[in-house]
Amino acid sequence: MVIREIPRTLSDTSNQHTEMTQEACPHRSHVQSSENPHVYKVGIHGWRKRCLYFFVLLLMFLILINLALTIWILKVMKFTIDGMGNLRITEKGLKLEGDSEFLQTLYAKEIQSKPGRPLFLQSSRNISVNVVNGNKQLLTQLVTGSSGFRAQGRMFEVKSTSGNLLFSADEQEVVVGAERLRVTGAEGAVFSKSVETPHVRAEPFKELRLESPTRSLLMEAPKGVEIQAEAGDIRAICRNELRLESKDGEIALDAQWIRLLRLPEGKASTGSLSSGTRQTVYEVCVCPNGRLFLSQAGTGSTCQINNNVCL
């Protein structure tokens, strides 16, 4: 005869434990069944809940107002992907369209207008263009203002489109490279120092006048001075004396007519007067001091007889 032991299952074990517990504590189940269950409320209620809803609505209202203002500013300022308003950001730099106003200093490497369009610079006071070195020292300055135009620098040049020099000025000299220098002022040109030029000529059908109101006028050249009037007269007027002096050469008066006006007439003594008809022909005499006078012509020279003008 074989006897086998059958193992217990987990359910049998748990049922047995439950029965033992109920048997050991029969009064516990009775107490729990007799008492009422308790309910606990979780959350915000009353005036706290109303205040929370009010603040949430207020926050949503402020967010909407902020969003509307942001959209309005973007629309007014014309914000786009390429820039803002008339300002555009390109690969070469910044591009401004229309009129632009700068309240502070503008630093730029290059300023240019559109192709075929002019560039205007306008200011209520002045426009200054300064060039400085690495030590912030001023090298060149260009200022245009209500008082005028002023340029400061070591040299100033003006050239034509072909590259020819028209005007140049520095501390040493001023060069006028044009073919003709025209002075249209009513008083002409005033020079406080000497003037060196190969040719001085007036405009066609205009007079050329060289004048020194309070000092002397000196024309000097190592190879000669030529004064020529092809279709007019040459007049030399002075208050005191007019001198024509040649140190090593001669003075030649070459003309068809030479007129010497208002020359004094020498008078001879009574005993030396010759009888007969008075002559209307005179001869020009020269005193030892260079003075000229007239003397009545005779059969011979009468300069010695009528030389009382030389005394």
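The values are calculated or read from the model by the stated rules, or taken from the named source; none is laboratory data. Just so it is clear, the structure is predicted and the values come from calculations on it, not from any experiment. Methodologically, a virtual Cβ is constructed for each residue, glycine included, from the backbone with ideal geometry; neighbour enumeration extends over all protein chains shown. Heavy atoms of the whole protein, side chains included, go into the accessibility calculation; ligands, DNA and RNA do not. Shrake-Rupley method; radii C 1.70, N 1.55, O 1.52, S 1.80 Å.
Amide H to amide H under 5 Å from T140: which residues, 5+ apart in sequence or cross-chain, H placed 1.01 Å off N in plane?
V131
Over 22 Å between Cα atoms: which of K92/K114; K247/K267; K95/K159; K223/K247 fall into that group? All intermediate terms of the calculation are to be shown ahead of the outcome.
Details: K92/K114 13 Å; K247/K267 33 Å; K95/K159 31 Å; K223/K247 14 Å.
Table pairs above 22 Å Cα-Cα are K247/K267; K95/K159.
What ³J(HN,Hα) values, in whole Hz, does the Karplus curve 6.51 cos²θ - 1.76 cosθ + 1.60 give for the stretch 253-264 when θ = phi - 60°, with x put for Gly and Pro?
10, 10, 7, 5, 10, 10, 10, 10, 8, 6, 7, x
Pulled fully out, how much extra length does the chain show between Q104 and A231, if you take 0.36 nm times their separation in residues and subtract their Cα-Cα distance?
39.4 nm
If I model a spin label as a point 7 Å beyond the Cα along the Cα-Cβ vector, how far apart are those points for V195 and R50 in nm?
10.3
In whole Hz, what ³J(HN,Hα) sequence does the stretch 282-291 give by Karplus (6.51, -1.76, 1.60; θ = phi - 60°), x for Gly and Pro?
Per-residue couplings from phi come out as 10, 10, 8, 10, 10, 7, x, 8, x, 6 Hz.
I'd like to compare 184-194, 201-211: which one has the highest average count of other Cβ atoms within 10 Å, and what's the full order after that?
Taking the mean over residues of other Cβ atoms within 10 Å, the ranking is 201-211, 184-194.
How much of the accessible area of the stretch 48-90, probe 1.4 Å, is carbon plus sulfur, in whole percent?
77
Loop-only GluC sites (Glu not before Pro) in the stretch 51-106, please: DSSP not H, G, I, E or B, and at most 10 other Cβ atoms within 10 Å. Walk me through the intermediate numbers first.
Details: sites: E91, E97, E101; in loops: E91, E97, E101.
Those satisfying the criteria are E91, E101.
Could you calculate the FRET efficiency of L253 with F156 from 1/(1 + (r/R0)^6), where r is the beta carbon distance between them and R0 is 41 Å, rounded to 0.05?
About 0.30, to the nearest 0.05.
Tabulate in residue order the Karplus-calculated ³J(HN,Hα) for the stretch 45-56, using 6.51 cos²θ - 1.76 cosθ + 1.60 with θ = phi - 60°, rounded to whole Hz; enter x for Gly and Pro.
Values per residue, Gly and Pro as x: 10, x, 5, 5, 5, 5, 5, 5, 5, 5, 5, 5 Hz.
Based on the mean of other beta carbon atoms within 10 Å per residue, what is the order of 110-120, 138-148, most packed first?
Result, highest mean first: 138-148, 110-120.
One-quarter of the Cα convex hull surface for the stretch 104-233, in nm²? Don't skip to the end; give the middle numbers.
Values: hull surface 59.9 nm².
For the stretch 104-233, averaging the hull's shadow over all directions gives 15.0 nm².
For the stretch 124-177, with every protein chain kept in place, what is the accessible area per residue (1.4 Å probe, Å²)? Don't jump to the answer; show the numbers that get you there.
Numbers: 4600 Å² over 54 residues.
Per-residue value: 85 Å².
Report the Cα-based extents of the stretch 48-90 along its three principal axes, largest first, to the nearest Å.
Principal axes ranked by extent give 56, 15, 7 Å for the Cα atoms.
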